[in-house]
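Some notes on the structure that comes next.
The values are calculated or read from the model by the stated rules, or taken from the named source; none is laboratory data. Please read these numbers as outputs of a predicted model, since none were measured by experiment. With ideal geometry, Cβ positions are generated from the backbone for all residues, glycine too; neighbour counts draw on all protein chains shown. Heads up: the accessible areas ignore ligands, DNA and RNA and are worked out on the full protein's heavy atoms, side chains in. Shrake-Rupley method; radii C 1.70, N 1.55, O 1.52, S 1.80 Å.
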Amino acid sequence: MTSANKAKLQLQERVPLPRTAWKLADLAVLSLLLALLARRASSLVSSGGTAAACTWCWVAALICEAWFTVVWLLNMNAKWNPVRFVTHPERLAGYWAGDDELLPAVDMFVTTADPKLEPAVVTVNTVLSLLALDYPAGKLSCYVSDDGCSAVTCYALREAAEFAKLWVPFTRKHGAKVRAPFAYFSSSSGGGAAERGGGGGAADADAEFLRAWTSMKNEYEELVRRIESAEEKSLVRRGDGAFAEFVGADRGNHPTIIKVLWDNDSSKSESDEQAAGDGVPSLIYVSREKSRTQPHHFKAGAMNVLTRVSAVLTNAPIMLNVDCDMFANNPQAALHAMCLLLGFDDEVHSGFVQAPQRFYGGLADDPFGNQMQVIFEKVGHGIAGLQGIFYCGTGCFHRRKVMYGVPPGSGTGATKALAAADSPSYKELQKKFGSSKELIESARSIITSKEAPAAVADLTSRVEVAKQVSACSYETGTSWGQEVGWVYGSMTEDVLTGQRIHAAGWRSALLSPDPPAFLGGAPTGGPASLTQYKRWATGLLEIVLSRHNPFLLSASKRLRFRQCLAYLVIDVWPVRAPFELCYALLGPYCLIANRSFLPKASEPGFVVPLALFLAYNAYNLGEYVDCRLSARAWWNNQRMQRITSSSAWLLAFLTVVLKTVGLSETVFEVTRKEQQQQQGSPDGDGADADPGRFTFDSSPVFVPPAALAMLSVVAVAVGAWRAVTGGGGGPGVGEFVCCAWLLLCFWPFVRGLVGGRGSYGIPWSVRIKAALLVAAFVHLSTRK
């Protein structure tokens with residue numbers, strides 16, 4: 001295609017978003033923060049060490065407020081220059097119509113780790129949605145990593161491969177807008193003609209579609225029934241030996257299991273069954289080798305195994321990875337991504353293409369604060385205007401060569417010329433990628449941008465090679481997990497890997513089509529939500545304390561300084577915990593100890609913290625309104641921010657500190673994936689069902705917020721008693737407001753303490769530990 005035609009067919013547009021009013025609001029809040037710091041510092045200096053202002057709580061407040069100012073500056077930087085990318089997949093047809101060879105192949109990776117927390121039906125729906133994408137079937141291959149080594153998961157995928165031969169042609173024929181079966185059938189009642197993407201409108205066509213819809217729904221329900229009734233023990237004992245490899249397999253200690261469940265290869269014989277599945281991409285099941293003597297590096301290790309296995313089988317230049325619960329919501333998601341991967345004059349602008357995380361079936365008003373819509377709308381679009389959006393671990397299209405550590409060139413032509421002149425030697429590739437000859441040759445073709453090796457005629461013929469590169473000892477002495485593939489060293493391997501890519505000089509692009517490219521399931525309930533936040537925060541602090549710290553990457557590599565500061569917005573989540581906890585304790589301390597850390601209402605300085613409190617909350621409320629969310633959603637997220645900081649982030653901070661001094665090890669915790677919104681309460685009592693209500697268990701993550709809830713009640717009671725009896729003189733209205741605000745934020749814990757039943761109530765083990773902490777705090781506060 002000529003340059004003129006390419007100019008006409010511009011595949012993407014980078015559109016700056018106006019933000020003048022928000023910038024003024026940013027500066028207004030910043031000025032109030034600085035005024036508060038100046039007022040407090042001047043009070044400390046002018047008191048000369050004799051006034052009450054010089055008590056430790058004023059110094060602590062100054063330190064905390066200085067930290068809050070730093071956090072505000074980091075967020076200002078991240079939000080300052082927002083952009084969005086408009087993609088035009090309809091123009092992409094001009095690049096490949098009649099010649100599919102011009103459209104790059106895509107290897108799609110789905111990861112699952114626990115068949116109980118991540119049900120096989122959830123994984124199957126994700127896989128089916130990917131197999132049915134609007135993309136040439138011969139250009140797609142789907143790899144599923146099963147770290148749970150479950151025969152049920154393998155069986156479910158085998159059944160899904162058979163169902164896909166019916167499902168994929170059905171969705172393409174009728175233009176289904178959603179191609180995950182559970183979402184498709186739940187969004188249409190009775191299969192009306194409106195579900196068809198085509199036209200017609202004739203009664204006979206509608207009747208034909210209705211019959212096809214009903215038949216397909218019955219097939220899907222039968223698929224679900226078979227999967228949900230399958231049992232591990234009965235599968236491995238089957239007489240046909242299909243699951244013999246799972247006999248005696250333990251999820252933490254087993255050899256590699258790789259099964260080609262469907263091979264889309266036009267060179268195969270055209271039997272009736274194969275003809276029915278001609279349009280179905282290849283599907284491969286992978287359960288990597290595990291050994292109790294070898295580290296497996298959690299999800300990052302699984303992704304690197306999938307990268308190597310796919311390299312020796314299909315070796316697509318583009319890789320897509322999604323979590324097992326994140327289905328393709330937009331059937332043109334891959335085409336939209338290609339607009340960004342192919343649409344820039346220089347590929348350096350799209351080292352990877354990340355879709356923001358969106359969720360289906362989410363509870364109204366986001367009661368657990370984990371749908372993150374405002375974060376992606378405000379911070380995500382802002383970071384997209386810098387060096388690019390972060391890698392979020394799912395819904396991301398990667399260039400394989402970028403994952404192989406290839407630095408960006410000045411342009412596609414220059415990159416090819418450089419590759420031709422600087423082709424790495426076999427020994428260099430062997431040291432970097434390992435001993436597999438097939439992997440080395442496939443990596444060479446990707447790195448040098450030369451023609452790929454001849455396509456594998458039969459994927460099953462390469463299974464033994466794939467098993468070799470998925471051995472748990474294969475990475476020893478190579479660059480995997482360091483310079484190649486997903487990076488090891490953090491539980492948030494996604495952020496760490498994205499930092500490495502940006503530090504190499506690549507940029508990333510934000511994929512935000514309408515409808516969203518992918519939809520996932522947000523965890524519900526207190527335990528699942530806080531487990532997820534604790535895992536994220538633990539990994540982020542591991543990054544801050546490692547050689548991958550953004551400041552070091554900015555100083556020594558090509559990570560831009562503003563992008564470095566943007567990474568710190570999330571990297572410092574756990575670091576915020578001790579500062580926010582300290583500030584939260586100042587109000588209760590002052591009411592109990594009869595002191596103050598804020599100016600009295602009659603003093604001129606009271607205006608500054610009051611204005612800051614109102615301006616900050618008005619700013620945040622405005623962001624939610626601007627994102628078309630309710631005031632209740634804003635409050636739920638504000639409340640969860642305080643709860644998360646005092647629980648998940650605080651425990652993550654302590655965990656990493658203990659790990660750093662050699663007293664603990666981090667443990668990867670899988671978040672439960674929801675099949676659908678379940679009816680009934682956690683106790684099975686449907687009469688009291690309240691899916692938006694906080695649930696609790698005996699985890700230590702609930703102890704600090706439970707203690708803060710108790711302490712707030714005690715502090716307000718002591719302060720009110722002292723005010724009524726005339727024993728005041730210390731705290732003012734500011735301290736009462738702080739405690740009342742804290743009480744409102746931790747109201748779910750108050751309900752759990754006094755009125756909760758079953759999992760809606762806080763367990764006694766947590767109550768006792770929290771009460772001991774409160775008693776110790778009150779004792780220390782009242783000690784002379």
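What accessible area, in Å² to the nearest ten, does a 1.4 Å probe give for PHE653?
About 50 Å², rounded to the nearest 10.
Tell me, what % of the accessible area of the chain is carbon and sulfur with a 1.4 angstrom probe?
Values: 18690 of 32190 Å².
In the chain, the share of accessible area belonging to carbon and sulfur is 58 percent.
Quick one: net charge around PHE390, please, counting Lys, Arg +1 and Asp, Glu -1 for every other residue with C-beta under 11 Å from its C-beta.
On the way: positive: none; negative: ASP494, ASP571.
My count for the surroundings of PHE390 gives -2.
What angle, in degrees between 0 and 90 and rounded to the nearest 10, separates the Cα long axis of helix 764-782 from the longest principal axis of the Cα atoms of the chain?
Between helix and principal axis, roughly 40 degrees.
Cα centroid distance between the stretch 472-533 and the stretch 108-136, in Å?
One Cα centre to the other: 18 Å.
With everything on Cα atoms, drop me the angle between helix 631-644 and the longest principal axis of the chain, reported from 0 to 90° to the nearest 10.
80
Among VAL714, LEU313, LEU459, flag the residue with its Cα farthest along the positive direction of the charge dipole of the chain, charges on Cβ as +1 for Lys/Arg and -1 for Asp/Glu.
Of the options given, the answer is VAL714.
Between (1) 2.06; (2) 1.09; (3) 1.02, which matches Cα Rg over 2.2 N^0.38 Å calculated for the structure shown?
Entry (3).
Pick out, from GLY520, LEU612, LEU559, the residue whose Cα sits farthest towards the positive end of the charge dipole of the stretch 482-622, with +1 on the Cβ of Lys and Arg and -1 on the Cβ of Asp and Glu.
Towards the positive end, the residue furthest out is LEU559.
Ranked from highest to lowest mean number of other Cβ atoms within 10 Å per residue, what is the order of the peptides 339-349, 597-607?
Sorting 339-349, 597-607 by mean packing, highest first, produces 339-349, 597-607.
To the nearest 20 Debye, how big is the dipole of the stretch 565-632 about its Cα centre, given +1 on the beta carbon of each Lys and Arg and -1 on that of each Asp and Glu? Write down the numbers at each step before the final one.
Numbers: 5 positive and 5 negative charges, 41 e Å.
Value, rounded to 20: 200 debye.
What is the P(r) of the stretch 325-402, as percent of Cα-Cα pairs per 5 Å bin from 0?
3, 13, 21, 24, 20, 11, 5, 3, 1
Assigning unit charges at the beta carbon (Lys, Arg +1; Asp, Glu -1) and nothing else, what dipole magnitude in debye, to the nearest 20, does the chain show about its Cα centre? Walk me through the intermediate numbers first.
On the way: 75 positive and 70 negative charges, 579 e Å.
With only Lys, Arg, Asp and Glu charged at Cβ, the dipole is about 2780 debye.
Heads up, I need the accessible area for TRP573: 1.4 angstrom probe, whole protein in place, Å², nearest 10.
40
Once you have a ≥ b ≥ c as the square roots of the Cα gyration tensor eigenvalues for the stretch 11-89, tell me rounded if a/c is under 1.5, and otherwise prolate or oblate according to whether a/b is larger than b/c.
Prolate.
If you place +1 on the Cβ of every Lys and Arg, -1 on the Cβ of every Asp and Glu, and leave all else neutral, what size is the dipole of the stretch 703-784 about its Cα centre, to the nearest 20 Debye? Each step should come with its number before you reach the end.
On the way: 7 positive and 1 negative charges, 46 e Å.
Result for the stretch 703-784 is approximately 220 debye, rounded to the nearest 20.
Which of the residue pairs LYS427/LYS467; LYS290/LYS431; LYS23/LYS401 have a Cα-Cα distance greater than 31 Å in the structure shown? Intermediate values should be presented prior to the final figure.
Details: LYS427/LYS467 22 Å; LYS290/LYS431 23 Å; LYS23/LYS401 38 Å.
The pairs that break the limit, which is 31 Å between Cα atoms, are LYS23/LYS401.
Cα centroids of the stretch 748-784 and the stretch 278-345: how far apart, whole angstrom?
46
At 222 nm, what value in deg cm²/dmol follows for the chain if DSSP H runs of at least 4 each add -39500 (n - 2.57) and the sum is divided by all its residues, to the nearest 500?
Values: 30 runs with 392 residues, N = 784.
So the helix-based figure for the chain works out to -16000 deg cm²/dmol.
Which order do the peptides 29-38, 144-153 come out in when sorted by mean C-beta neighbours inside 10 angstrom, highest first?
Values: 29-38: 17.0, 144-153: 25.2.
Descending mean neighbour count gives 144-153, 29-38.
Just add up the charged neighbours of GLY369: K/R +1, D/E -1, any other residue whose Cβ is under 11 Å from the Cβ of GLY369.
Details: positive: ARG639, ARG642; negative: ASP365, ASP366.
After counting each charged neighbour, the total is 0.
Name the residue from ALA105, LEU586, CYS739 whose Cα lies farthest towards the positive end of the charge dipole of the chain, charges +1 on Cβ of Lys and Arg and -1 on Cβ of Asp and Glu.
Farthest towards the positive pole: LEU586.
With every protein chain present, what accessible area does ASP134 have (1.4 Å probe, heavy atoms only), rounded to the nearest 10 Å²?
Its heavy atoms expose roughly 50 Å² to the probe.
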